[in-house]
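Comments concern the structure below.
The values are calculated or read from the model by the stated rules, or taken from the named source; none is laboratory data. Note that the structure is a prediction, hence the values are computed from the model and not measured. Here the Cβ positions follow ideal geometry from the backbone for every residue, glycine too, while neighbour counts run over all protein chains shown.
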Amino acid sequence: MNEAASAAHGGGRQSLRFLLLYALAAAGGAMAYMPFLTILLPVRVEAMAGGAEVTWLAYCSFSGAAAASLSNILFGWLSDRTGNRQGWIVTGLLGSCALLLAMPLADSLPALLGLLVAWQVMLNMMLGPLAALAGDYVPDRQKGFLGGLLSLSPAMGALAGAFVTFEGVAGADARLAIVAALVALCVLPVVLFGRPVSFPELTARVDRPIVSIPEKRPQVVVPCMWLARLLVQIAEAVLFAYLYVWFRTVSADFGDDDTAAVFGAVLVLAIPATLWVGRWADRNERPILPLAACAGLTAVALLLMASAESLTFAVAGYALFGLVTSMFLSLHSAQTLRVLPRPQTRGRDLGLFNLTNTVPSLIMPWLTLATVPAFGFSGLFMILAALSAIAALLLASISRTN
């Protein structure tokens with residue numbers, strides 16, 4: 001570990017105010033895309049597609065994922081070059097909110113698709129620099145706690161979706177305005193009132209790549225972290241898309257409200273669990289071990305789900321899966337900041353890591369179509385369990401041993 005990394009590892013602590021406001025902003029990012037992509041956009045496409053909604057949703061998913069991937073890298077890099085992440089965050093926030101409000105103006109599906117791509121670009125103008133902002137201000141000794149706070153994001157994103165679609169709250173167009181307002185209220189405070197403690201060593205330029213995991217080289221650690229997240233994210237993407245369908249194969253009486261209740265309960269339970277594990281990782285200086293353990297438990301949960309023959313067993317298997325994958329993704333997001341080798345390219349490198357969030361959406365449909373018709377969901381879950389086990393082995397190979 002070089003001098004800069006050592007200082008970041010053992011120096012002062014970031015203020016709780018900044019950490020909490022940053023977690024709120026990250027939750028605002030989730031609120032920006034979760035309600036829109038999972039509920040509001042599909043409803044709008046269905047109303048316009050005239051029976052071709054599946055095809056047009058596929059176009060939207062592919063185009064949106066491609067735009068998000070490229071723009072996240074671009075604006076992360078631009079925020080590195082300019083050294084002004086807050087300016088990009090605010091500009092992206094205003095642009096994405098404006099485009100969200102413009103969605104009702106689309107009078108055709110191609111126009112809606114164009115607005116969606118533009119919205120993804122502006123949204124990632126906000127999200128890319130926002131992710132890098134944590135690396136600029138949160139020292140290594142608090143990254144586990146940061147990961148715990150980031151577990152709030154999926155829960156608040158799901159809660160926002162439930163709120164705006166609650167019967168009687170708002171019409172279709174007003175829902176978009178509510179989402180835009182919620183996002184602005186969550187993101188702006190960290191820019192306006194965060195006042196973070198400065199850690200010059202976290203942003204000091206380095207010529208020789210380093211990572212703050214002793215005895216590990218960045219050319220080993222970074223690819224292992226990237227691939228491990230990709231493998232777990234493929235499993236998470238499959239269950240996100242097909243959870244309801246799978247539950248219905250186990251029990252035809254299990255409705256969409258039951259699925260939403262299980263999904264929401266798991267996200268809520270993940271918050272205190274991730275906070276506890278993150279603080280444990282900080283105190284014991286074992287940043288990667290919880291990631292390896294969560295990936296291993298993901299494989300176990302998928303095997304349980306593959307063999308589930310009763311609804312109780314299926315729900316229990318998914319509860320374990322949802323809990324440990326939520327913990328994994330939140331903690332991984334924070335600990336990725338630890339392993340990126342060059343502070344001066346942090347935004348760009350996080351954009352490359354963001355591909356692990358978007359690429360699974362391109363892989364998942366084809367994997368499912370190739371597996372489920374021939375082998376059922378049990379066969380698919382066994383493949384996903386193998387991928388998660390590989391992720392656990394990769395992370396175990398770089399986990400620091402005391």
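Here are the numbers:
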quantity	calculated
Residue check, Phe240 in contact (Cβ under 8 Å) with a residue 24 or more places away in the chain and either outside the structural domain of Gly157 (by TED's automatic domain parsing) or closer than 15 Å to Leu331 by Cβ (or both)	no
Boolean, Leu297 is in contact (Cβ under 8 Å) with a residue 40 or more places away in the chain and among the aliphatic types (A, V, I, L, M)	no
Test: Ser361 is under 16 Å from the mean Cα position of the chain (by Cα), more than 25 Å from Gly148 (Cβ to Cβ), modelled with pLDDT under 95 and not hydrophobic (A, V, I, L, M, F, W, C)	yes
Single residue of Ala27, Ala8 found to be assigned by TED's automatic domain parsing to the domain that holds Ala132, at pLDDT 85 or above and assigned to a helix (DSSP H, G or I)	Ala27
Residue within the stretch 143-151 that is more than 21 Å from the chain's Cα centre (by Cα) and not acidic (Asp, Glu) present	no
Tally of residues being crowded, with 23+ Cβ neighbours inside 10 Å and either touching a strand residue (DSSP E or B) at 6+ places or on another chain (Cβ under 7 Å) or more than 20 Å from Val54 (Cβ to Cβ) (or both) across the stretch 109-121	2
Evaluation of Ala174 against (1) surrounded by fewer than 16 Cβ atoms within 10 Å (Cβ to Cβ); (2) at pLDDT 85 or above; (3) under 27 Å from Gly135 (Cβ atoms) (one fails), failing number	(3)
Where a residue in the stretch 16-42 is surrounded by 22 or more Cβ atoms within 10 Å (Cβ to Cβ) and its partner, wherever it lies, is part of a helix (DSSP H, G or I) and among the polar types (S, T, N, Q), with Cβ under 6 Å and at least six apart	Ala26/Ser153; Ala27/Ser153; Ala30/Ser153
Identity of the residue in the stretch 298-314, part of a helix (DSSP H, G or I) and of a type outside the set (A, V, I, L, M, F, W, C), that ends up nearest to the chain's Cα centre (by Cα)	Thr298
Whichever residue in the stretch 87-128 is touching a Gly at 6+ places or on another chain (Cβ under 9 Å) and polar (S, T, N, Q) and, among such residues, is farthest from Ala66 (Cα to Cα)	Asn124
Residues being buried (at least 23 other Cβ atoms within 10 Å of the Cβ) and outside any helix (DSSP H, G or I) - total across the stretch 333-356	1
Odd one out for Ser388, checked against (1) surrounded by fewer than 23 Cβ atoms within 10 Å (Cβ to Cβ); (2) in contact with a helix residue (DSSP H, G or I) (Cβ under 6 Å, 6 or more places away or on another chain); (3) within 26 Å of Val222 (Cα to Cα)	(1)
